[in-house]
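Just so it is clear, none of the values below were taken in a lab; they were calculated from the coordinates. Remember, predicted model here, so these are calculated numbers, not experimental data. With ideal geometry, Cβ positions are generated from the backbone for all residues, glycine too; neighbour counts draw on all protein chains shown.
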Amino acid sequence: MREGGETAGRRPVAEGQIYDVTITDIGERGDGIGKIDGLVIIVPDATPGETVKVRITRVERKVAFGRKA
C-alpha cells in the first residue's frame, strides 16, 4: 500500500476550474509543465518561469491538461 499522495481518487484540480500555475519545465512537445499539489499540469504556449492562469480541460490519473485562461 502506498503512503501519502491522493486520497482514493481525489484530484487536486477539477475540469473547468481556473488555477494559477507556475511553469517550471518544457515537455518534449514544447508544452509548459507545472504542478498543483504534486499533480503535473500540461499547458500549451507557456514558458518556464511564468505564472499563468490555467483553465483545466482534462484530468487523468497522473496528469491534467489545461489552457491559458
Excluding residues fewer than 8 positions from Lys68 in its own chain, the aspartates and glutamates with Cα under 15 Å of it are Glu15, Asp20, Asp31, Asp45, Glu50
Among all stretches of the chain without exposed trypsin sites (Lys or Arg not before Pro) (DSSP loop, at most 14 other Cβ atoms within 10 Å), which one is longest?
30-60
Gyration tensor (alpha-carbon) shape descriptor, the chain, a/c threshold 1.5
prolate
